[in-house]
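Here the structure is laid out as structure tokens; the discussion comes afterwards.
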Amino acid sequence: MFSMPGHTEWLVILVIALLIFGKRLPEIARSIGRSLTEFKKGVNEAKESTDDVVSDVKQIKTDVVNDAKQASGLNDADSTR
């Protein structure tokens with residue numbers, strides 16, 4: 001089947017890219033770099049948001065468990081038996 005290009009194939013791809021894009025290649029590389037930076041920022045923001053939601057859910061769970069224990073008359077000493 002297909003495999004990753006070898007050294008010779010990468011060299012041919014690089015030469016073709018230089019011939020096609022020439023002087024615009026640095027501009028294209030900068031644009032790709034900026035795009036990757038923005039993508040990474042978005043991924044980090046999504047991860048932070050997810051972590052915040054998970055933390056909130058854990059806190060709510062703890063609060064509900066504590067409220068349920070208080071409502072049923074249990075305390076920490078009773079729950080360890």
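What follows is calculated from the coordinates using simple rules that are stated; it is not laboratory data. None of the values given here were measured: they were computed from a predicted structure. Neighbour counts run over all protein chains shown; Cβ positions are idealised from the backbone, glycine included.
Filter region 28-48 down to the residues that are among the β-branched types (Val, Ile, Thr) and under 22 Å from ALA17 (Cβ atoms) and list them by number. Quick ask: steps written out before the conclusion?
We begin by selecting, within region 28-48, every residue among the β-branched types (Val, Ile, Thr); these are 28, 32, 37, 43.
ILE28, ILE32, THR37, listed by residue number.
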Residues located in region 1-26, provided they are charged (D, E, K, R) and loosely packed, with under 10 Cβ neighbours inside 10 Å: LYS23
